[in-house]
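The structure appears right after this line, and notes come after that.
The values are calculated or read from the model by the stated rules, or taken from the named source; none is laboratory data. What you are looking at is a predicted structure, and each value in this text was computed from that prediction instead of being measured. Quick reminder, even Gly has a Cβ in these numbers, built from the backbone with ideal geometry, and neighbours come from all protein chains shown. Side chains included, ligands, DNA and RNA excluded: accessible areas come from the protein's heavy atoms. Shrake-Rupley method; radii C 1.70, N 1.55, O 1.52, S 1.80 Å.
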Amino acid sequence: MILAANLKTNLTREKTNKYVKELEKFLSGSKSAQEVLVFPATSSLDKFSTSAIIGAQNAYLAQNGAFTGEIGLEHLEEFDIKTILIGHSERRHILGETQEFLAKKFAFYMSHGFKIIYCIGEPLSVREAGHERMMEYISAQYEGIDTEYKNLIIAYEPVWAIGTGLTPTLEEIENIHKELKKKSPAPILYGGSVKVTNAKEVLELQNVDGILVGSAALYLEHFCSMISYADEIEKLAGEK
Ligand code: 13P
């Protein structure tokens, strides 16, 4: 399974270093078979020695250039970073990134062979407008996106579930993931208020290939517990 920690605008460079070091200790000690990804804040990016994949939360769609406040491809290449989050709801809604812009960013990083975690998800008003409206909204987030891209991972994160402690029911997560599987062969992660208390049941769902964790992942021991749950689930499935 895939377990991803989005550290957002948290953890300084020093704290991130410590986090990744401790994570690596856990991963090598537990011999976990999971694909683990960490997305540090941009200023905390570095060349880490870990089996976890380090990705960027954002970068501009250019090698370099006059894009004040942004980093480009060459800043990621400096640290051998080949993984990026695109379309996170905080970038769509707080930073105003449009679908057209995200599709261009997607195409740029795809052309450079990046592993792309592409995020989708509906705000509460859309969910409350009914299933059809919700699927229409989510479908629009696939516009301009190459859903067959071999290095693509989708993350379904309902906006109203992010950082709120609210989540869809397990049945709702399973059903929407099932519908999303029809749109793309890519693995699908669930994100939005995944905690150490609900991670296991989410990971056990059909059509859930992993989780994208925000606030709870700041507690490294919680994130490591989630990785252990995934190991346990796979072990049990293998014994069946
Ligand atoms: P929370 O886990 O804090 O709800 O955040 C989820 C998220 O946005 C991960 O990208």
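Given +1 at the Cβ of Lys and Arg, -1 at the Cβ of Asp and Glu and no other charges, the dipole of the range 1-135 around its Cα centre is 300 debye to the nearest 20. By the rule of a C-alpha distance below 20 Å, with chain neighbours fewer than 8 residues away ignored, the lysines paired with residue 150 are 82, 104, 105, 115, 178, 181, 182, 183.
Of the trypsin sites (Lys or Arg not before Pro) found in the range 1-51, those in coil by DSSP whose Cβ has at most 14 other Cβ atoms within 10 Å are 31, 47. Shown here for the range 49-150: GluC sites (Glu not before Pro) in loop regions (DSSP other than H, G, I, E, B) with at most 16 other Cβ atoms within 10 Å, namely 70, 78, 143, 148. Surface composition of the chain: carbon plus sulfur atoms contribute 51% of the solvent-accessible area (1.4 Å probe, protein chains only, all chains present).
On a per residue basis, the range 64-223 carries 46 Å² of accessible surface, using protein heavy atoms and a 1.4 Å probe.
Rounded to the nearest 20, the Cβ-based charge dipole of the chain about its Cα centre (Lys and Arg +1, Asp and Glu -1) stands at 360 debye. Taking all protein chains into account, the per residue accessible area for the range 8-50 stands at 57 Å² (1.4 Å probe). Across all Cα atoms of the chain, the radius of gyration (one decimal) and Dmax (whole number) stand at 17.1, 56 Å.
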